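Take a look at the structure below.
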Amino acid sequence: MANYIINESVRIDMPDAALIGDLAIPEEAKGLVVFAHGSGSSRLSERNRFVAEHLQNSSFGTLLFDLLTPEEDEEGSKPFDIPLLTQRMIETTYWLQKDPRTNTYNFAYFGASTGAAAALGAAAALGGDIIQCVVSRGGRPDLADTALPDVKSPVLLIVGGKDENVLEMNIQASNQLLGIKDVEIVPDATHLFEEPGALEMAAQLATDWFRKYLAPKKQQPLRQSQP
């Protein structure tokens, strides 16, 4: 069980919306993982919260937030508007860079379903210096296909072995990624990773990736005063 220095709801103000998130930062956090949920889901997604808790217990901070307002979520096209969701990821990252509770950490993304496309598009736009790595679980990276060659961050694509169509899409997307990347298949898992042990395996794969590529921010050395 993690001990937290921050575990609270936050409001993320951006030019066109105010979004609600849940920010959890354990003691001695190694970095902060921003979650992008899929269409029809929210920051309350049980699967993403399971992964987030696993990360928190492994000394990573997490931000789960709603990519859309309640009104937008009811509009038929908004949950599938990848450019809009991508921009929301970018704006949220800018907010994290400015907030004193979070600006001392390096950032990574975790995207599920269509949220993976938004995460990869935002990572491509922001660059590897800002987004250190990306993990997708059952994602649709193909929906960000024009941005994939521009992603410089190391990318892990986790797919269920029985999610055959999405697996093929992930393999094709991986071929478009030019940097460090890997595809991990969870045997016998379907799209929602509901099978016994499937989500646990996905969470551990994600944690291992973040341990490898999401490093604590280096502190700037103090300048010595001139004599």
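The values are calculated or read from the model by the stated rules, or taken from the named source; none is laboratory data. As the structure is a prediction and not an experimental result, all values here were calculated from the model. Don't worry about glycine lacking a Cβ; one is built from the backbone with ideal geometry, like all the others, and counts go over all protein chains shown. When the accessible area is computed, the model is the full protein with side chains, heavy atoms only, and any ligands, DNA or RNA have been set aside. Shrake-Rupley method; radii C 1.70, N 1.55, O 1.52, S 1.80 Å.
Amide H of residue 36 versus every other amide H placed in the peptide plane: which residues, excluding those fewer than 5 positions away on the same chain, fall under 5 Å?
Placed amide hydrogens put 110, 111, 112 under 5 Å from residue 36.
Within segment 1-40, find all residues whose amide N lies under 11 Å from a label point positioned 7 Å from the Cα of residue 94 along Cα-to-beta-carbon.
Flagged as within label range: 14-16.
For residue 104 and residue 69, calculate 0.36 nm times their separation in residues minus their Cα-Cα distance, and state this gained length in nm to one decimal. Before the final figure, lay out the partial values.
Values: separation 35, 0.36 × 35 = 12.60 nm, distance 2.78 nm.
Here the answer is 9.8 nm.
Over all distinct Cα pairs, what is the inverse of the mean 1/r for segment 33-156, reported as the Kirkwood hydrodynamic radius in Å? List each step's numbers first, then the result.
Details: mean 1/r = 0.0704 Å⁻¹.
About 14.2 Å for segment 33-156.
Could you sort 42, 153 by accessible area so the largest value comes first, with the probe set to 1.4 Å? Present the calculation step by step, with values, prior to reporting the outcome.
Details: 42 40, 153 0 Å².
Accessible-area ranking of 42, 153, largest first: 42, 153.
On C-alpha positions alone, give me the angle between the axis of helix 46-56 and the longest principal axis of the chain, in degrees, nearest 10.
Long axis of 46-56 versus the principal axis of the chain: about 40 degrees.
Looking only at the chain, where both bridge partners belong to it, what percent of the DSSP beta bridges are antiparallel (to the nearest 5)? Display every interim value, and only then the final one.
Numbers: 14 of 38 bridges.
Roughly 35 percent of the DSSP beta bridges within the chain come out antiparallel.
Please name which of 7, 191, 31 has its Cα lying farthest along the dipole of segment 4-213 towards the positive end, using unit charges on Cβ (Lys, Arg +1; Asp, Glu -1) and the Cα centre as origin.
31
Using the charge dipole of segment 37-177 (Lys, Arg: +1 at Cβ; Asp, Glu: -1 at Cβ; taken about the Cα centre), state which of 100, 116, 149 has its Cα farthest towards the positive end.
So the residue we want is 100.
Provide the packing ranking of 84-94, 182-192, i.e. peptides ordered by the mean count of other C-beta atoms within 10 Å per residue, highest first. Walk me through the numbers on the way to the answer.
Details: 84-94: 21.1, 182-192: 16.6.
Put in order of decreasing packing, that is 84-94, 182-192.
Checking the table 30/98; 30/162; 162/212; 152/212 against a 23 Å threshold on Cα-Cα, which pairs fail?
Working: 30/98 18 Å; 30/162 33 Å; 162/212 27 Å; 152/212 15 Å.
Those over the limit are 30/162; 162/212.
What are the extents of the Cα atoms of segment 4-213 along their three principal axes, in Å, largest first?
Largest first, segment 4-213 extends 41, 37, 31 Å along its Cα principal axes.
At 1.4 Å probe size, with no ligands or nucleic acids counted, give the accessible surface of residue 95 in Å², nearest ten.
Per-residue accessible area (residue 95): approximately 40 Å².
Tell me the mean residue ellipticity at 222 nm calculated for the chain from its helices only (DSSP H runs of n ≥ 4, each -39500 (n - 2.57), averaged over every residue, nearest 500). Could the numbers behind the result be given before it?
Values: 6 runs with 74 residues, N = 227.
Calculated mean residue ellipticity at 222 nm is -10000 deg cm²/dmol.
Can you check what the Kirkwood hydrodynamic radius comes to for segment 129-216, Cα pairs only, in Å to one decimal? Display every interim value, and only then the final one.
Working: mean 1/r = 0.0762 Å⁻¹.
Taking every pair of different Cα atoms in segment 129-216, averaging 1/r and inverting gives 13.1 Å.
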